1. Can you give me the long-range amide H partners of B:MET250? Hydrogens built in the peptide plane at 1.01 Å from N, cutoff under 5 Å, separation of 5 or more residues or another chain.
2. Tabulate in residue order the Karplus-calculated ³J(HN,Hα) for the range A:243-258, using 6.51 cos²θ - 1.76 cosθ + 1.60 with θ = phi - 60°, rounded to whole Hz; enter x for Gly and Pro.
3. Taking the dipole about the Cα centre of chain B, with the C-beta of Lys and Arg at +1 and of Asp and Glu at -1, give me whichever of B:MET249, B:PRO279, B:ALA200 is farthest to the positive side.
4. According to the Kirkwood expression over distinct Cα-Cα pairs, how big is the hydrodynamic radius of chain B, in Å?
5. How well do other chains shield peptide B:156-162, expressed as the mean number of their Cβ atoms within 10 Å of each residue Cβ?
6. Rounded, prolate or oblate: pick one for the range A:226-291, where a ≥ b ≥ c are the square roots of the eigenvalues of its C-alpha gyration tensor, a/c under 1.5 means rounded, and failing that, prolate if a/b is larger than b/c, else oblate.
7. B:MET313 to B:VAL203: extension gain in nm, 0.36 nm per residue of separation minus the Cα-Cα distance?
8. Mind checking B:118-127 for the average number of partner chain beta-carbons within 10 Å of each residue's beta-carbon?
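Since every read-out is calculated from the coordinates, none of them should be taken as a lab result. Worth saying up front: this structure is predicted, and the values here are computed from it rather than measured. As a convention, Cβ positions derive from the backbone with ideal geometry for all residues, glycine included, and neighbour counts pool all protein chains shown.
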Amino acid sequence: MGKPELNLPNEKGEKRIEQTLGKRRSLLSIIVAKFLQNKLAVFGLIMLTIIVGTALLAPWIAPHDPDFQNLRNRLAAPSGEFLLGTDHLGRDILSRLLYGGRVSLFVGFVAMVGAVTIGTTVGAVAGYFGGLVDAFLMRLVDIIISFPNIFLLITLVAVLEPSLDKLIMVFAFLSWTGTARLVRGEFLTLKKREFVLAARTIGMSNTKIIFGQILPSAMGPVIVAATLAVGGFILAESALSFLGLGVQPPTSTWGNMLTYSQSVTIFRTAWWYPTFPGVMILLTVLSFNFVGDGLRDALDPRVIEK
Amino acid sequence: MSTATLNDSKTNNDAKSDILLEVNGLKKYFPVKSGILQKTVGHVKAVDDVSFFIKKGETFGLVGESGCGKSTAGRSIIRLYEPTDGQILFDGEDISYLKEKQLKPYRKDIQMVFQDPFSSLNPRKTVGTILEEPFRVHNLYTKAERKERVEHLLDRVGLMPQLRDRYPHEFSGGQRQRIGIARALTLNPKLIIGDEPVSALDVSIQSQVLNIMNDLQEEFGLTYLFIAHDLSVVKHISDRIGVMYLGRMMEVTDKRTLYKNPMHPYTQALLSAIPKSHPSEVKRERIILKGDVPSPSNPPKGCVFHTRCPQAMDHCKEIVPTLKELEPGHFVACHLYE
């Protein structure tokens, strides 16, 4: 065993090291490239950009006041003035869709942030500390999962009087369990990795290890779950609003715009009224699912780390 | 007791201040739980009554088959595990049962180099961040000083300082292991525990890393606890060697004595398994051990090695042999020498 090469003068060492390192690719560029390969995901991302963009810009691009009623113009078919027709009170459906999108997306995003925050924290603490803490938190998760969600939602919303913030809180409270289990699983494997042990041997605090060392590596699945969750919340809000228990009129959401499609006359005579909100829900949830699937493949650690 | 003999020996041979680490009767049992109520149904005796000491500036090699508890011993010493019983004296201070907060000053003094260079560096952080973390945890130095130190460390382990902005996945196994060594050095430790630091590397890279470790030991006056299963690696780097089997220490002595005059039948069998490195070497007779290593959750009674020992006697099955000093500095736990 001769003296190792690395004790040679620096110039030679540099060459050798440069050779072995090869082309430089950052983690992000690998992920982006992988994501862009998935055509459905890219389609979803473009759709979402348009949907979110138009919802945000609603006050400027909506052709009419969404709440302005014109009973003479009830259930008017799509025309030059009302591109997507009018509803049973003569309101412009396009404008209501744009404004309704803001509410639906807002509910989806905020509920997702709430659910992911609770779920990540609970899952991280349970997975990292293990033992009794883990057992207690996971039984709590089991209990919450066992609630019959839709009935509980209906009851809670009925008791609490429906409002946007209560709706979001109920959604977040009932939906953090999936993320918690996911994050716990990630932590169970990651906490045994040697870089975590190394952090412990330098005396790093548990809080810093959990949030600074392990969590960044566990975020991949969480981001995927969060993306899919937004779509799920939009659906849930639509369902509740459809039943009249969600966001109350005159505020429009995609869900409560569908409420009136329950009436057979409207369904028969004004196809545009239920169709467009339905299509918006479908497109949005579908796009979120496509993007979620794309992210799942792109963030797969087996792809990134090698 | 083995403890007593150990203590006697070192007061005879060396001044007490020469000892950096002393392990007395260390035990680490992992509970085996089952059922909904997580009742403890048994224990895996990973480390069972292990004693040894390491002098300042020396390299102590800890060898044994996989699963013999050598890594568990190392992790207990650095207090990644809570010892079940026994005593860990570092520089004369008992650190075996300190709480994490009281332990923090000692965290600077004992560091570890890990086995798997692919999992020992956080994949989401740059090398610079990884190497600065110890400073941040202990609030040492200013930003500029940290940067300078990190670059110096990288240079010391043979990597260009410019590489501080790169991520671990951009390095090869050997380079990552050198980064791991640099991290262990950041806090100027007294003792570095190498937990199979070269086992995952190619043979050519192994010698590089071993040589770096040797150079650094001279430069910084480091003491090493070197855990390995590869006898030729241990022979290359160690001053004294401890041989473990199934959670127990079988033999402890200096390198030359161990390779020339192994006394424990297990050590003899291990050494006979080293392939010849040169054709002119005298062919050793291979001692083939029969059977498998018993489960550490249900170790044999008496001497744990008696199930496979070619020279086992009747009372080996009943009485646990203690580690005794047979010659100055040569400790053996075997009934053959009583």
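1. Result for B:MET250 returns B:VAL243, B:MET244, B:TYR245.
2. 3J(HN,Hα) across the range A:243-258, in whole Hz: 7, x, 9, x, 5, 8, x, x, 4, 9, 9, 4, x, 6, 5, 7.
3. Selected residue: B:ALA200.
4. Values: mean 1/r = 0.0472 Å⁻¹.
Answer for chain B: a Kirkwood hydrodynamic radius of 21.2 Å.
5. Values: counts 0, 1, 9, 4, 6, 0, 3.
For peptide B:156-162, the averaged partner shielding equals 3.
6. Values: a/c = 2.90, a/b = 1.58, b/c = 1.84.
Oblate.
7. Values: separation 110, 0.36 × 110 = 39.60 nm, distance 4.01 nm.
Difference between extended and current length: 35.6 nm.
8. On the way: counts 5, 9, 6, 4, 12, 8, 10, 5, 0, 0.
Mean partner shielding for this stretch: 6.
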